[in-house]
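Chemist: I have a structure I would like to understand better, so I am pasting it below and will then ask my questions one at a time.
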Amino acid sequence: MAGGIINMEDCIFCKIVRGEIPCKNIYDDDNFIAFLDVNPKSEGHSLIVSKKHYKTLLDMPSSLGGELLDAVKKVGLDLIKENNAEGFNLIVNNGEVAGQIVHHVHVHIIPRKKGDGVIIGDGKKLKDREVLDANA
Ligand code: AMP
Ligand code: ZN
């Protein structure tokens with residue numbers, strides 16, 4: 001897989017976790033940190049990143065799931081307050097085919113406001129609803 005093999009020394013998010021690259025840190029616990037995305041889709045767009053290097057969610061131990069969800073809720077709530085948002089999108093891209101560019105598991109939290117014009121995904125559907133219903 002082109003660009004898929006990245007070791008921890010070269011991984012940009014490992015470098016952020018080790019403090020070798022600066023970030024706008026907004027959260028820190030035993031196993032996760034969160035910081036602002038450098039190329040945000042909306043005000044406050046942030047990433048929750050595991051402190052250990054796991055490539056995708058499939059590689060991350062499920063035992064960290066509860067802590068990750070806690071982090072999502074805390075960071076999500078903070079971002080709503082700080083940005084006067086009303087909700088947020090949660091996105092995890094797993095694999096290049098799904099749009100993963102940084103091969104270190106991370107959760108996007110994208111604060112949303114009514115009428116903000118943010119587009120998530122390309123809107124393509126697998127098939128028309130009628131076709132799906134006919135196939136069911
Ligand atoms: P993904 O497509 O899910 O792999 O998204 C990677 C995200 O990481 C993108 O939204 C980038 O803007 C973001 N990103 C890349 N490098 C940095 C960095 N040094 N600090 C903050 N965000 C970054
Ligand atoms: Zn890494």
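Chemist: Would you mind working out the accessible area per residue for the stretch 70-136, using a 1.4 Å probe, and quoting it in Å²? Spell out each step's value before the answer.
Modeler: Details: 4590 Å² over 67 residues.
Each residue of the stretch 70-136 exposes 68 Å² on average to a 1.4 Å probe.
Chemist: Right, another one. Using the Cα gyration tensor of the stretch 84-136, with a ≥ b ≥ c the square roots of its eigenvalues, what is the shape: rounded (a/c below 1.5), prolate (a/b larger than b/c) or oblate (neither)? Please list the in-between numbers first.
Modeler: Details: a/c = 2.88, a/b = 1.32, b/c = 2.18.
Because a/c hits 1.5 or more and a/b fails to exceed b/c, the stretch 84-136 counts as oblate.
Chemist: Quantify, in whole percent, the carbon and sulfur part of the accessible surface of the chain (1.4 Å probe; protein heavy atoms only). Working shown, then result.
Modeler: Values: 4860 of 8860 Å².
On the chain, the fraction of accessible area on carbon and sulfur atoms equals 55 percent.
Chemist: Taking H as built 1.01 Å from N, whose amide H comes closer than 5 Å to the amide H of I26, not counting residues under 5 places away?
Modeler: Residues meeting the criterion, in which the H sits 1.01 Å from N, are A34, F35, L36.
Chemist: First select every other residue whose beta carbon is under 15 angstrom from the beta carbon of G66; then total the charges, Lys and Arg +1, Asp and Glu -1. Before the final figure, lay out each step's value.
Modeler: On the way: positive: K73, K74; negative: D29, D30, E67, D70.
Value of the local net charge: -2.
Chemist: For the chain, modelled as a Gaussian network with Cα springs under 10 Å, which listed residue fluctuates most, A71, A98, A34?
Modeler: Among A71, A98, A34, the largest mean-square fluctuation in the Gaussian network model of the chain belongs to A98.
Chemist: Moving to a separate point now. In degrees, nearest 10, range 0 to 90: what is the angle between the Cα axis of helix 65-82 and the longest Cα principal axis of the chain?
Modeler: Roughly 80 degrees, rounded to the nearest 10.
Chemist: Next up: What is the chain by shape, rounded, prolate or oblate, if you read a ≥ b ≥ c off the alpha carbon gyration tensor as root eigenvalues and call it rounded for a/c under 1.5, prolate for a/b larger than b/c, and oblate otherwise?
Modeler: Details: a/c = 1.84, a/b = 1.26, b/c = 1.46.
Oblate shape, in that a/c is at least 1.5 and b/c is the bigger or equal ratio.
Chemist: With springs only between Cα atoms under 10 Å apart, run a GNM on the chain and tell me which of K15, K124, K51 wobbles the most.
Modeler: K124
Chemist: Another question, then. Using Cα pairs under 8 angstrom and six or more residues apart, how large is the relative contact order of the stretch 14-136, in percent?
Modeler: Working: 168 pairs, mean separation 31.0, N = 123.
Relative contact order, the stretch 14-136: 25 percent.
Chemist: Could I ask something else about it? Using the Karplus curve 6.51 cos²θ - 1.76 cosθ + 1.60 with θ = phi - 60°, work out ³J(HN,Hα) for each residue of the stretch 15-27 in order, rounded to whole Hz, and write x for Gly and Pro.
Modeler: So the Karplus estimates, Gly and Pro as x, are 5, 5, 4, 7, x, 7, 10, x, 8, 8, 6, 10, 6 Hz.
Chemist: Using just the helices of the chain, give the 222 nm mean residue ellipticity in deg cm²/dmol: DSSP H runs with n ≥ 4 each add -39,500 (n - 2.57), and the total is spread over all residues, rounded to 500. Working shown, then result.
Modeler: Working: 3 runs with 31 residues, N = 136.
So the calculated ellipticity at 222 nm is -7000 deg cm²/dmol.
The values are calculated or read from the model by the stated rules, or taken from the named source; none is laboratory data. Computed from a predicted model, the values in this text were never measured in an experiment. Quick reminder, even Gly has a Cβ in these numbers, built from the backbone with ideal geometry, and neighbours come from all protein chains shown. Heavy atoms of the whole protein, side chains included, go into the accessibility calculation; ligands, DNA and RNA do not. Shrake-Rupley method; radii C 1.70, N 1.55, O 1.52, S 1.80 Å.
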